[in-house]
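One structure is given here, and the rest of the page talks about it.
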Amino acid sequence: MDVTARTAPAEPVLYRPEPVETAALATTLPYLSPVPIPGAVEAVTPNGARVWLLVSKIEPTGPAAAPEAPQSAPVPTWAKTTALLALSLSGSSVLGAYALGLFAEGLAALVASLVLLAKFAFVLALVLGLFVVVVKRRAGGGSVTAEATSTATARGLFAKATATATATAIAKK
């Protein structure tokens, strides 16, 4: 392997490019003429020469503008109201469900006690009803019958009318 010593140059080499004249292509492009042209403007160059400029407009070439988005219709009032109330309605229903969950055991005990009370009232009514029936049968006794009959007669210009009514009443002792 051959190793040679490298030496740096005495002076660094600098690259100095020559200035380049650039034509400004912004929105206008001038045309120079040494003689007058109709519609041209007289101008003086930096070196003192008189020239006539004919300027034409050039549209800048860039990306095409995006099409405008179509405007949406305004939101109806009922939709705004529903959206605003949706949170409170859902929160209320969640709190109601939570409260039912907390009080479910207490409600179950209350329902069980009410059912027991209803059964007790039914049995009591049944016993009292049987007691009344038994007392009436032991008291015994016959029955009394009363009958009433009524007859009415009416005479008119051309006819005679008769009506009879009978009523019967039975009473047990």
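The values are calculated or read from the model by the stated rules, or taken from the named source; none is laboratory data. The structure presented is a predicted model; accordingly, all values stated were derived computationally and were not measured. Here Cβ is always computed from backbone atoms with ideal geometry, including for glycine, and neighbour counts include all displayed protein chains. To get the accessible areas, we keep the full protein, side chains included, count just its heavy atoms, and leave off ligands, DNA and RNA. Shrake-Rupley method; radii C 1.70, N 1.55, O 1.52, S 1.80 Å.
Numbers for the structure displayed
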quantity	calculated
Subset of the range 50-78 that is in contact with a Pro (Cβ under 9 Å, 6 or more places away or on another chain) and either assigned to a loop (DSSP other than H, G, I, E, B) or open to solvent by less than 70 Å² (accessible area, probe 1.4 Å) (or both) - its residue that is modelled with the lowest pLDDT	Ser56
Enumeration of residues in the range 19-49 that are at pLDDT below 60, open to solvent by less than 100 Å² (accessible area, probe 1.4 Å) and not aliphatic (A, V, I, L, M)	Thr27, Thr28, Pro30
Residue that is most open to solvent (accessible area, probe 1.4 Å), among those in the range 147-173 that are within 30 Å of Lys136 (Cβ to Cβ) and either β-branched (Val, Ile, Thr) or touching a Cys at 6+ places or on another chain (Cβ under 6 Å) (or both)	Ile170
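Results for (1) open to solvent by 60 Å² or more (accessible area, probe 1.4 Å); (2) at pLDDT 90 or above; (3) of a type in the set (Lys, Arg); (4) on the phi > 0 side of the Ramachandran plot, shown as yes or no for each residue.
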site	(1), (2), (3), (4)
Leu116	yes, yes, no, no
Ala121	no, yes, no, no
Ala125	yes, yes, no, no
Arg138	yes, no, yes, no
Gly141	yes, no, no, yes
